[in-house]
Amino acid sequence: MPKKAIFNPDTDKFFTDRWRERTLDEGGKIHHHKKSAEATEPEQDANKMENGEAIKIYLEMIDGIGDDEELKPLLADLNRAIIHYASTTAHFHLSRKELVAGNEMSEKDKEESDLAKRLAHNSVISALSSLSRAYVKKKGVNMWRYKIDEGRGDRDRIAEWVKEVAPLVENKMNAE
């Protein structure tokens, strides 16, 4: 069985550079993305959502979907991806804390933990995009997708959104 190719944005500069070139900011200039660690403090603050904003966006999304039988499975996929990403991120941070506390983490474990977190984040983005496309086809414009990442495909802002809505999503899934 052939191995699947895994895109690694840290080593595969072709795609990273292409995405960077194709992402334009509102002024029509190329918007160069930075990794979270490279972002300056004002840039990091720009990714933060106002208190309760993420919850409002999520509730707006649910209200728009309503009882639509075609969109509900896509929302369920997004909810599962949100919970998976939240738990993967929590595990990632716990692993890093153990490292700081003096417990050694192998390079392989670090890479696997980072890859798991990145893949879980990608699944949230994919589920969000699938739901958004289906929503637009059925119901027209959706502002909630734009509000989540401000139309920039901002991974940090999406992560902030997930971090805030994950407890609500978990409670909602447990109640069903």
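Please treat every number below as a calculation from the coordinates, not as lab data. Since we're looking at a predicted model, the values are computed, not measured. Heads up, the Cβs are rebuilt from the backbone with ideal geometry, glycines too, and the neighbour counts pull from every protein chain shown.
Given +1 at the Cβ of Lys and Arg, -1 at the Cβ of Asp and Glu and no other charges, the dipole of segment 50-175 around its Cα centre is 280 debye to the nearest 20. Summarising the amide proton neighbourhood of residue 154: residues at separation of 5 or more, or on other chains, whose placed amide H is nearer than 5 Å comprise an empty set. Across segment 64-77, computed HN-Hα scalar couplings (Karplus, 6.51 cos²θ - 1.76 cosθ + 1.60, θ = phi - 60°) run x, 6, x, 9, 4, 5, 7, 8, 4, x, 5, 5, 4, 4 Hz from first to last residue, x flagging Gly and Pro. Here segment 50-175 has an Rg and Dmax of 16.0, 53 Å, counting Cα atoms alone. If the limit is 32 Å between Cα atoms, which of 56/108; 110/137; 108/172; 138/163; 72/163; 48/139 go over it? Long pairs (Cα-Cα over 32 Å): 56/108; 110/137; 108/172.
The fewest-to-most ranking of 128, 71, 94 by surrounding Cβ atoms within 10 Å reads 94, 71, 128.
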